[in-house]
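Read through the structure below, which is laid out as structure tokens, and then see the notes.
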Amino acid sequence: MKLLFITVLLLTTMLQAEPKKKSIHALYIPLADHYGALVAYERYRDKMKYADFKITQMKNWDLLRAYFQSGKVDMAFVMSPLAMDMFNQKPDFRWIGLMHRDGNALAINDLIKTKINLAAKRIDRKPNHEVADALKELYIENKSPTKIGMPHLLSTHSVILYRYLKEYGTSIAFSTKEKAEVLGISVSPPKAPQFIKINSARATPAAFEQSLPWADVVETEKFGYVAWYSKDVMPFKYGHVECITLATDKAIDEKRRAVNEVNYFIHKAGKDIEKARAEGGEALEEIVKIVRKHIKAHTREAIIASLDIELNVINYKHLNVDKEGLKQIMDYAFEGSIIKNKIDISSFADESFSQTVGN
């Protein structure tokens with residue numbers, strides 16, 4: 001009896017010593033940018049010792065922003081200019097890592113495509129003067145700007161488009177109050193393909209600059225074309241900064257180990273995606289299954305096209321905080337009046353969450 005009592009006591013002590021998992025609730029948008037979060041959730045949430053990892057898909061960036069800033073969630077995956085604007089408004093969160101690098105593209109409809117010589121293979125489509133010249137020509141013909149849809153005006157996509165058009169002497173405005181050859185408007189990512197379809201049906205030139213795989217959706221389903229990829233507009237070591245991982249100060253203070261664990265497994269999931277891209281076959285199909293479980297609108301063909309290893313237009317490597325990479329985006333965003341104020345990047349970044357992930 002005494003031995004049984006001691007055994008029960010030891011077991012009780014061991015169970016009490018086990019750290020209780022803390023809820024880490026993260027927000028994401030249905031983009032290839034956030035595939036790492038989906039893979040981390042499906043493959044590793046049961047292996048997490050400190051975090052009870054939960055994810056919620058948001059329909060658009062304004063909803064994600066409002067929900068994150070409500071203080072009811074712990075983490076969010078956000079485009080860098082939007083994150084900087086949020087930080088300027090209320091600096092109660094920190095940047096702890098990247099979700100991916102590169103990963104967006106300009107898609108155009110037939111009315112723009114007929115004015116350019118588009119290479120047959122996507123890998124050969126580069127951001128030369130042709131699309132910019134076509135947009136200037138259309139402005140003269142129609143006496144109105146061509147609308148280009150972006151996921152949000154405070155987006156890396158706006159920065160990429162601004163830099164491209166500036167290089168070829170084409171003007172862009174983000175308000176109807178300004179005169180320009182291009183008008184940037186907000187179109188939520190899932191609605192971007194429909195934006196192309198509707199305008200084509202109206203015989204109106206239109207384009208969108210969105211994250212993958214939406215540009216690949218219009219190309220693979222044959223109602224639009226990828227004109228170029230962002231990595232060729234904004235070249236940077238390892239790829240330009242795009243969506244970043246944010247964690248609230250409260251979560252960092254009260255759930256540091258859990259936040260760090262989730263961030264670690266997002267990095268690990270990035271390695272999984274890269275490995276699957278290289279191997280192809282069943283390994284890649286497993287990633288496709290995970291993505292389509294959460295995002296039905298991403299077709300198998302579009303996912304595979306976006307993750308094409310030879311094209312290499314998005315990557316999930318080098319996901320630690322990259323101050324120099326963020327500064328590149330911030331400087332162009334400020335120059336193009338996409339953000340009103342710069343931020344102190346050192347205050348924004350928390351490099352203590354840097355990860356080293358083995359194979």
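The values are calculated or read from the model by the stated rules, or taken from the named source; none is laboratory data. These figures come from a predicted structure and were not determined experimentally. All Cβ positions, even for glycine, are placed from backbone atoms using ideal geometry, and neighbour counts span all protein chains on display.
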Legend entry - Residue among Lys255, Lys222, Lys197 that alone is of a type in the set (D, E, K, R), farther than 14 Å from Lys147 by Cα and touching a residue at least 12 places away in the same chain (Cβ under 8 Å): Lys255
Legend entry - Residues that are closer than 16 Å to Leu154 by Cα and buried (at least 24 other Cβ atoms within 10 Å of the Cβ), drawn from the stretch 188-199: Pro189
Legend entry - Flag for Leu154 being in the same structural domain as Ala207 (by TED's automatic domain parsing) and either assigned to a helix (DSSP H, G or I) or farther than 18 Å from Asp322 by Cα (or both): yes
Legend entry - Condition met for Ser175 (without any contact (Cβ under 8 Å) to a residue 12 or more places away in the chain and among the hydroxyl-bearing types (Ser, Thr, Tyr)): yes
Legend entry - Yes/no for Arg65 being without any contact (Cβ under 8 Å) to a residue 24 or more places away in the chain and within 16 Å of the chain's Cα centre (by Cα): yes
Legend entry - Residue selected from the stretch 136-151 under the condition without any contact (Cβ under 8 Å) to a residue 40 or more places away in the chain and in a loop (DSSP other than H, G, I, E, B), by the criterion farthest from Thr204 (Cα to Cα): Lys143
Inset, instruction - Read through the list (1) out of contact with any Lys or Arg (no Cβ under 8 Å at 6 or more places or on another chain); (2) small (Gly, Ala, Ser); (3) not in a helix (DSSP H, G or I), then give the number of the only condition that Ala119 fails. - result: (1)
Inset, instruction - Using the structure shown, decide if Gly325 is of a type outside the set (D, E, K, R) and either surrounded by 21 or more Cβ atoms within 10 Å (Cβ to Cβ) or touching a Cys at 6+ places or on another chain (Cβ under 7 Å) (or both). - result: yes
Legend entry - Residue under evaluation Ala251, criteria (1) surrounded by 21 or more Cβ atoms within 10 Å (Cβ to Cβ); (2) touching a Pro at 6+ places or on another chain (Cβ under 9 Å), criterion not met: (2)
Inset, instruction - Go through the stretch 60-89 and give me each residue that's charged (D, E, K, R), surrounded by fewer than 20 Cβ atoms within 10 Å (Cβ to Cβ) and in a helix (DSSP H, G or I). - result: Asp62
Legend entry - Positions within the stretch 22-48 being out of contact with any helix residue (DSSP H, G or I) (no Cβ under 7 Å at 6 or more places or on another chain) and not in a strand (DSSP E or B), in sequence order: Asp33, His34, Tyr41, Arg45, Asp46, Lys47
Legend entry - Single unsatisfied condition, Asp52 versus (1) part of a loop (DSSP other than H, G, I, E, B); (2) in contact with a Lys or Arg (Cβ under 6 Å, 6 or more places away or on another chain): (1)
Inset, instruction - Give the number of residues within the stretch 157-168 that are surrounded by fewer than 23 Cβ atoms within 10 Å (Cβ to Cβ) and either outside any helix (DSSP H, G or I) or among the polar types (S, T, N, Q) (or both). - result: 1
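Would it be correct to say that Glu209 is in contact with a Ser or Thr (Cβ under 7 Å, 6 or more places away or on another chain), in contact (Cβ under 8 Å) with a residue 12 or more places away in the chain and assigned by TED's automatic domain parsing to the domain that holds Ile112?
No; evaluated as a whole, the condition is false for this residue.
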